[in-house]
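Scroll down for the structure; my scribbles are underneath it.
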Amino acid sequence: MHRRPSMHRAACALLVALALALTACGDPAPPATRDGLRVVATTSIVGDVVSSIVGDAGEVEVLMAPGQDPHAFEPSARQAQSLREADLVVANGLGLEAALDDLLEAAEDEGVRVLHLAEQLDPLALDVDVHDDDEHDDDEEHTASDGHDHGEFDPHVWLDPVRMSEGARLIARAIADVAASEVDWAARGDAAAAAILDAHADVEASVEGLPVACRVLVTNHEVLGYFAARYDFEVVATLVEGTADLSSMSPQDFARIAEVVRETGVPAIFTEVGESSRLVEALAAEVDGEVAVVALHAEALGEPGSGAETYVGLLRTNARLIADALAPCAA
């Protein structure tokens with residue numbers, strides 16, 4: 001199911017070898033670090049959900065820091081070793097963490113339990129034709145390609161909190177399979193799910209004032225498919241597709257998307273915190289500068305003070321940013 005970019009294979013094989021060397025040649029970890037539950041989470045978003053469930057009942061290591069792009073992440077040899085020493089690894093999956101695919105497979109081969117979360121949450125199929133506004137498919141099961149060559153399914157499940165609430169329960173069940181039985185992991189999973197669903201209700205409240213005609217999204221790359229499907233939005237254009245980056249956009253594509261922006265009259269184009277906004281700003285200028293450029297926390301938690309330091313905070317903050325940016329349409 002996953003596409004594994006060939007450029008990562010040699011590096012990942014080397015990391016596996018280095019991790020084995022660290023285990024064989026390094027000093028054994030002190031017993032205290034090996035006692036109790038040890039869970040490794042790949043992304044900052046998955047890590048926050050895992051941490052909310054584990055609490056003080058174990059140790060959680062999150063490989064990616066807040067603000068770190070999962071697509072660009074490269075693990076260290078020590079992190080590769082951590083995957084092999086965990087009781088449980090929780091990965092987003094569906095190709096999001098491409099540089100970790102071989103390491104996760106190696107850990108599984110050695111008996112580590114690895115939960116590939118997204119593939120168990122009824123993932124949406126990718127629709128590579130979303131860039132053609134006339135061919136946009138409104139069916140919830142066919143959404144936009146994420147622009148990073150993930151394969152058949154969209155990995156960005158966390159932008160649908162209803163799916164992620166079920167993900168919290170799946171995580172809790174996976175922890176229960178490897179952890180001490182005296183903890184009520186089902187109750188912890190239910191509590192985490194309830195908190196996520198509370199955020200979902202707040203997202204609904206944030207966008208409820210937007211009429212259907214205003215629920216139109218233009219993005220720098222295709223990351224908002226789950227958000228659009230859950231909250232009745234439509235992604236009408238994205239600046240890049242496939243493995244392209246912003247700098248590779250052709251003049252013809254740029255002109256076509258500018259025309260879509262003019263025709264739809266969208267008041268905002270959405271990009272991501274940490275991404276270059278040069279081309280997005282150029283697009284806004286092309287349509288007479290009447291379009292705002294709004295950065296969302298789409299693929300990683302935010303830094304302190306961002307309002308997106310936690311997963312539920314990210315959901316609420318993004319919803320407010322989207323609602324505020326599209327509000328002129330409803331005026």
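The values are calculated or read from the model by the stated rules, or taken from the named source; none is laboratory data. Since we're looking at a predicted model, the values are computed, not measured. Every residue, glycine as well, gets a Cβ built from its backbone with ideal geometry; the counts of neighbours run over all protein chains shown. For accessibility, only protein heavy atoms count, side chains too; no ligands or nucleic acids. Shrake-Rupley method; radii C 1.70, N 1.55, O 1.52, S 1.80 Å.
Figures for the structure shown
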item: Residue 56 paired with residue 331, simple spin-label distance in nm, labels 7 Å along Cα-to-beta-carbon; result: 5.0
item: Fully extended contour minus Cα-Cα distance, from residue 201 to residue 186, at 0.36 nm per residue; result: 3.2 nm
item: Net charge of Cβ neighbours under 11 Å - reference residue 63; Lys, Arg +1; Asp, Glu -1; result: -2
item: Inter-site label distance for residue 252 and residue 281 at 7 Å from Cα along Cβ, in nm; result: 2.9
item: Neighbourhood net charge (10 Å Cβ-Cβ; Lys/Arg +1, Asp/Glu -1) for residue 176; result: 0
item: Cα Rg, Dmax (largest Cα-Cα span) when computed across the stretch 78-124, Å; result: 10.6, 34
item: Probe 1.4 Å, protein heavy atoms only - accessible area per residue of the stretch 154-287 in square angstrom; result: 40
item: Difference of contour (0.36 nm per residue) and Cα-Cα distance, residue 78 to residue 263; result: 61.5 nm
item: Loop-resident sites, the stretch 177-208, for GluC sites (Glu not before Pro), counting at most 11 other Cβ within 10 Å (DSSP); result: 182, 208
